[in-house]
Every structure is written in structure tokens, then in C-alpha cells.
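Student: Before we start, here is the structure in question, set down as C-alpha cells.
The values are calculated or read from the model by the stated rules, or taken from the named source; none is laboratory data. Quick caveat: nothing in here was measured; it's all calculated off a predicted structure. Here the Cβ positions follow ideal geometry from the backbone for every residue, glycine too, while neighbour counts run over all protein chains shown. The protein model used for the area step is the full one, side chains on, heavy atoms only, and it has no ligands, DNA or RNA in it. Shrake-Rupley method; radii C 1.70, N 1.55, O 1.52, S 1.80 Å.
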Amino acid sequence: MKRIGIIGVGEIGRAIVDGLYHRGDDAPEVFLSPRGARTVAELSERHDGVRVCPDNQAVVDRSEIVIIAVRRQDRHEALAGLTVADDKILINVMSGVENDDLRRTLATDAPLVRAIPLPAIRERRSVTVTYPSHPVVDSLFEHLGGALPVADETAFNVFSAVTGTLTTHYRYLATLTSWAVGHGIAAGDADRYVRGLFREVGRSLSDETRTLQQLAADHETPKGNNERIRTTWFTAANSEALTQALDGLLADLIAPHEKDPSSPRQALGQPEFAHARDLI
């Protein structure tokens, strides 16, 4: 595919553009929606072949693949009135918006695929979950770091829930840094050390010959420091709390209409579930 459009150029939209141009090898033309003027102007200046369109309909008309990356709560405004020909391929990266929901909004029979691209896609280091499998879409994400097609939307939502733990990991690292600073370590030194420590953990994850449980065991000495923190902090209760948080998020992802203010149920005044955090 030589022409890719992106409607909604937030963090994920920007990362996809950067990924497409990461190595400068046979990059497609990219057409961006005009909203977020500073971001789209910066991308069009930095990458040859990136064009800013006057409106979202122009993005659709000029593209073979259209990536929809607006925030869930903005989708009706952003997509209202769009005409999408059946020969387009649509990629839905909106958190909590099922394909049937999006198809009703757009009133199109074009192929529609959900995907979970992550920020690391900008360096082609992100495996992207897709549903349903589509040869063109899976090939695109293979080019950007890897594709993981799943069998159904339930499996897709499980992976989406796991993705919701990303910022928790960063906050965990920030807590370690703050703890060291509280014990007299210079902030810059603490930050540098924690980043280096867990950067090495990231590298070890590329060894797929060992399970995650094996990697944990291999980095732990019996009665050593790592075992002590794992057994005193990451207790069974701590693990159960994480499981419950993921279960709650999954329940919201499976029934997104329950927490969508624009849904008929909400219009009738029925209670709204807590929103899952959008990555977009």
C-alpha cells in the first residue's frame, strides 16, 4: 500500500508516522487530518511524503488504508458525515470501540480491522495485536515490528487490558527513583541507574527461549535481595489486586456501551462504569 491516511494524530498517530519513516525505506505517502495543527505541521516538515489534508474526508479519499486514531469520546464528531468507499481498508485503533460500533457510525462495507499499536512502533519494536486478521493490515504491522492476529474480539480485549498496565510500569520505576532520592541519592544519578537497570531487563526479554517465569528465576538468588522484595512486596494479595484490576478493565472493554456517555443507556440515565484509560 502506497497511500495511508491517519485521522487523529495524537501520540499513537505520531508514532505510526515515525515508524513508517523510521528507516526511510520505501515509505508510503501519508495523509493526516488537520486537527492538532502543531503536531501535523511538525510531521509534514520532518518527513517527505507526509501531507496535511484540509479535512477528514480528504484523508479518506486520498488513502488506500485509513487509520482511525481519534479518542473514543471524540469519534462521533470526527467521523460524522464521512463517506467511506468499500474498497478502502480501515484500521480501528480506538480503545473500547468495537468494529460493529464503528461500522454503524461509518455505514460502510469496507474491511475493518482493530489494532493495538504501541508507542514503540515508532522504532519498529512493537508487536501489534490485530482482529480480524487481514493480509494487508498484518503485513503493514509486520513491517512496523510485528503483527499478532487473534481469533476473536474477546481475545483482542484481553490484550487491550494488558496494555493498560503500561503506565503503571513507568510509575513503578519512578517510585524506585523517588525512594533512592529520599535516601540522599542525587535525582539525576537515581534516574540514570534505574533506567539502565530496567533497560537491561528489556534486552533480556528478547530471549524467547526462556519463559517469563524462567527469566524471573534466573535473575533471583535463593534468599537474596530480589527474592526478598518479591516475597515481601509482590505478595499473593498484591497479585490478586492486580488480577482484579485487570478483570474490571476487561469487563469495561467488553461492554463499552455501558461507559459511553453517548450511548442510549447513558442517555436514559443508567449508571456509567469507570472509564478505562485511553492510550490514544
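Student: Checking Ala120 against (1) within 16 Å of the chain's Cα centre (by Cα); (2) surrounded by 21 or more Cβ atoms within 10 Å (Cβ to Cβ), which test does it fail?
Tutor: The failed condition is (2).
Student: How many residues does region 149-159 contain that are closer than 18 Å to His134 by Cβ and in a helix (DSSP H, G or I)?
Tutor: So the first thing to find is which residues in region 149-159 are closer than 18 Å to His134 by Cβ, and the list is 149-153, 155-156, 159.
Remaining after also requiring in a helix (DSSP H, G or I): 153, 155-156, 159.
Counting residues in region 149-159 that are closer than 18 Å to His134 by Cβ and in a helix (DSSP H, G or I) gives 4.
Student: When region 191-218 is examined, which residues are found to be over 20 Å from Arg171 (Cα atoms), at pLDDT 90 or above and open to solvent by 100 Å² or more (accessible area, probe 1.4 Å)?
Tutor: Selection gives Thr209, Leu212, Gln213.
Student: So, in region 219-238, how many residues would count as being in contact with a helix residue (DSSP H, G or I) (Cβ under 9 Å, 6 or more places away or on another chain) and open to solvent by less than 70 Å² (accessible area, probe 1.4 Å)?
Tutor: Of the residues in region 219-238, 1 are in contact with a helix residue (DSSP H, G or I) (Cβ under 9 Å, 6 or more places away or on another chain) and open to solvent by less than 70 Å² (accessible area, probe 1.4 Å).
Student: For region 33-51, check the following and say yes or no: at least one residue is at pLDDT 95 or above and either part of a strand (DSSP E or B) or open to solvent by 50 Å² or more (accessible area, probe 1.4 Å) (or both). Give the steps one after another, and end with the answer.
Tutor: Initially, region 33-51 is screened for residues at pLDDT 95 or above, giving none.
Scanning region 33-51 turns up no residue that is at pLDDT 95 or above and either part of a strand (DSSP E or B) or open to solvent by 50 Å² or more (accessible area, probe 1.4 Å) (or both).
Student: Moving on. I need every pair where a residue in region 36-62 that is over 24 Å from Arg23 (Cα atoms) has its Cβ under 8 Å from the Cβ of a residue that is open to solvent by 70 Å² or more (accessible area, probe 1.4 Å) and among the polar types (S, T, N, Q), sequence separation at least 6 or different chains.
Tutor: Taking only residues 6 or more apart or on different chains, the pairs are Gln57/Thr83; Val60/Thr83.
Student: Any chance you could count how many residues in region 53-85 are in contact with a Phe, Trp or Tyr (Cβ under 8 Å, 6 or more places away or on another chain), surrounded by fewer than 18 Cβ atoms within 10 Å (Cβ to Cβ) and not in a helix (DSSP H, G or I)?
Tutor: Here is the first cut: in region 53-85, the ones in contact with a Phe, Trp or Tyr (Cβ under 8 Å, 6 or more places away or on another chain) are 53, 58-59, 62-63.
Right, trim to surrounded by fewer than 18 Cβ atoms within 10 Å (Cβ to Cβ) and you get 58, 62.
Next cut, not in a helix (DSSP H, G or I) only: none.
Residues flagged as in contact with a Phe, Trp or Tyr (Cβ under 8 Å, 6 or more places away or on another chain), surrounded by fewer than 18 Cβ atoms within 10 Å (Cβ to Cβ) and not in a helix (DSSP H, G or I) within region 53-85 amount to 0.
Student: Are any of the residues in region 124-137 open to solvent by less than 20 Å² (accessible area, probe 1.4 Å), in a loop (DSSP other than H, G, I, E, B) and closer than 18 Å to Leu253 by Cβ?
Tutor: No.
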